[in-house]
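Single-structure report; data block below.
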Amino acid sequence: MARTCDLTGKRRLLANKVSHANNKTKTKKQVNLHTKKVFDPATGSVVRLKLSSAAIRTLDKVGSITKYVKKNAHLFE
C-alpha cells in the first residue's frame, strides 16, 4: 500500500485546516516515510522497507528487525 509504514502500519491522517474566519477545509497529514535498507540477521539478507521516522528510531532502540517483530507479534498476525 502506498504511503504506509511497513512495520508500524502508520498511514495518513485527515484533519481540518481552520482559517481565521473559522472556515474548515479538509487536509491530509502525511507520514514521514523513508526508504531504508535493513539487515535481517535471521536470514542474513538485506531488506528494503518504507519506514516512518518513529519506526527507524524504534529499530535503533530494539537492535534488529527480528527482535522488533518478535516483540510486536500482535501487529503481524
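The values are calculated or read from the model by the stated rules, or taken from the named source; none is laboratory data. Everything numeric here is computed off the predicted structure, so don't read it as measured data. Here the Cβ positions follow ideal geometry from the backbone for every residue, glycine too, while neighbour counts run over all protein chains shown.
Just to verify a result, which residue in region 46-60, among those that are in contact with a strand residue (DSSP E or B) (Cβ under 6 Å, 6 or more places away or on another chain) and exposed (fewer than 14 other Cβ atoms within 10 Å of the Cβ), is farthest from Leu7 (Cα to Cα)?
Only one residue tops the list, namely Val46.
What number goes with the only condition from (1) assigned to a helix (DSSP H, G or I); (2) touching a strand residue (DSSP E or B) at 6+ places or on another chain (Cβ under 8 Å) that Cys5 does not pass?
Answer for Cys5: the failing condition is (1).
Please name all residue pairs, on different chains or six or more residues apart, with Cβ atoms under 7 Å, provided the first residue is in region 61-77 and is surrounded by 11 or more Cβ atoms within 10 Å (Cβ to Cβ) and the second residue is not hydrophobic (A, V, I, L, M, F, W, C).
Every condition considered, the pairs that remain are Val62/Tyr68; Val62/Lys71; Ser64/Pro41; Ile65/Asp40; Thr66/Asp40; Thr66/Pro41; Tyr68/Thr58; Leu75/Gly9.
Just for region 6-32: of the residues that are out of contact with any Ser or Thr (no Cβ under 6 Å at 6 or more places or on another chain) and hydrophobic (A, V, I, L, M, F, W, C), which one is surrounded by the fewest Cβ atoms within 10 Å (Cβ to Cβ)?
Once the filter is applied, the top-ranked residue is Ala21.
Name every residue in region 44-77 that is farther than 13 Å from Lys10 by Cα, at pLDDT 90 or above, of a type in the set (Ser, Thr, Tyr) and assigned to a helix (DSSP H, G or I), in order of residue number.
Thr58
Determine whether Lys36 is out of contact with any Phe, Trp or Tyr (no Cβ under 8 Å at 6 or more places or on another chain) and either surrounded by 10 or more Cβ atoms within 10 Å (Cβ to Cβ) or of a type in the set (Asp, Glu) (or both).
yes
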